[in-house]
Amino acid sequence: MMGLSPDAKPEELPTTASAEELASWDTWRERRKDAFSQRLKEATDKHPDANEQEIKHIRKRVIDQLKSRLVPVTFHASPFAANSAVSIHVKREMEADLAKHGFPRFTFNWDAAFAHDVLWNSVAVDITVRNWVPWAKRTHVDVVESAIPGIKTRFFQWITNQGVTRAKLKLTPADLAAQRKQAQYERSTKRKIATLRADTFLAVYPDKKILGHLLRDPDAVSDFEEDDANSMPTRVSAHWRSRGMEAIVRSLDQVALKRARSTQKKMSVRGLLDRKDVRAPTDEERNNQLVPARFPKDAYDSNYLLEQGEFQADYITTESMDIENLGMEMVRKSFGTGPCSLADNGSRPPPPGTHATTQQPLATATGNTAGPSATATGNTAGPSGLRCKCRNKRNKGEI
């Protein structure tokens, strides 16, 4: 449909929808919506005594008439590829459909971080799939109605992937080298943190060797981001962890710091674990976060497992290990109940939409509930981050 061969490279795709095209299209849609609304009002006003069923019939008739009279915008078609599996008639039919919906050409906003969040992309995908289904059936492809949402999801993933590839092609060799260096640094840091936590866990629970071994996996360490080299990084909370697993991790960090004897060792541990702030991952980060496999089932957040589906959840998990109670025990033994009180700093706000959880705080703490933008300056609800507020200034700060 874009006039390219099936093996065309991402950089050969049509240029991304420009800001001017997006703005012009939005204006066109608003004008069309206003015209539709005005015509529907005029038609219904002529029948003040019509009942609800009659009003629906009038509106449907008017909308059908308006759609049949839509004047398409000027459409700039792509060349027809001689080796295309799609006939010229199918191509022209879809291009006419695009023109009736205000599109000046067939392309996508490749630069969008989330392709499905851009209305241009969503409408273009709907039109493409709507024209593809009858063509696919004519070519003996069995397309069931229930499969269409999944097809659209894969379509959006394809758009995003093409955009990522196109963006990488714009990077200089120096940019790519810097990216690789940063990725190696982050992986090395996560490996050191994982080793520290595993060694600390086995020191306090020598009989729980299986969980200690699992904690050595760098993928079990939450991601982090650094604004600059002179400030502490921000923790990106691990959305896959259960409430109990998060308590275990935060407790291990507290124990590791307390057990560091020398000043140099304490500085080393703080350098690995100190975070100035905690935030929830974006949708893109959630999709890209590496998640460890073979942890106990109750180490994973229940909503995360639901998102994976029952088959995948059974595949990545092992038998539960009473992680919830172990986490509460470790919090009690690590932070105590004396002058050092435990509070939550909002490192794990519930994910957006239907995935929000209703977890209770790990320990009693005063403070307000805050969303993903909450920072560590206030006590906010969420089970992931624990702040130890002590009278001893040397221990003050997030671990």
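The values are calculated or read from the model by the stated rules, or taken from the named source; none is laboratory data. Since this is a predicted model, take the numbers as computed values, not measurements. Positions of Cβ are backbone-derived with ideal geometry, glycine not excepted, and every protein chain shown enters the neighbour counts.
Some values worked out for this structure:
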item	result
Residue within region 102-116 that is in contact with a helix residue (DSSP H, G or I) (Cβ under 7 Å, 6 or more places away or on another chain), in the same structural domain as T165 (by TED's automatic domain parsing) and in a helix (DSSP H, G or I) present	yes
Members of region 57-74 found to be in a helix (DSSP H, G or I) and at pLDDT 80 or above, listed by number	H57, I58, R59, K60, R61, V62, I63, D64, Q65
Conditions (1) part of a loop (DSSP other than H, G, I, E, B); (2) closer than 20 Å to T139 by Cβ; number of the one not met by A77	(2)
Inter-residue pairs, beta-carbon under 6 Å, first farther than 14 Å from E285 by Cβ and in region 211-236, second among the acidic types (D, E) and assigned to a helix (DSSP H, G or I), 6+ apart	none
Out of K56, K46, sole residue that is exposed (fewer than 13 other Cβ atoms within 10 Å of the Cβ) and under 42 Å from the mean Cα position of the chain (by Cα)	K56
Hits in region 117-152 (condition: under 26 Å from T16 (Cβ atoms) and exposed (fewer than 13 other Cβ atoms within 10 Å of the Cβ))	D117, R130, P149, G150
Qualifying residue in region 193-201 (condition: at pLDDT 90 or above and surrounded by fewer than 17 Cβ atoms within 10 Å (Cβ to Cβ))	yes
Sole residue being part of a helix (DSSP H, G or I), closer than 21 Å to H213 by Cα and hydrophobic (A, V, I, L, M, F, W, C), chosen from M267, M330	M330
Test for D97: is it in contact with a helix residue (DSSP H, G or I) (Cβ under 9 Å, 6 or more places away or on another chain) and either within 20 Å of E284 (Cα to Cα) or assigned to a loop (DSSP other than H, G, I, E, B) (or both)	no
Region 153-186 - residue that is among the hydroxyl-bearing types (S, T, Y) and assigned to a helix (DSSP H, G or I) and, of those, surrounded by the most Cβ atoms within 10 Å (Cβ to Cβ)	T160
Hits in region 12-52 (condition: in contact with an Asp or Glu (Cβ under 9 Å, 6 or more places away or on another chain) and free of Cβ contacts under 8 Å to residues at least 60 places away in the same chain)	H47
Within region 216-262, tally of residues that are assigned to a strand (DSSP E or B), closer than 18 Å to P292 by Cα and at pLDDT below 95	4
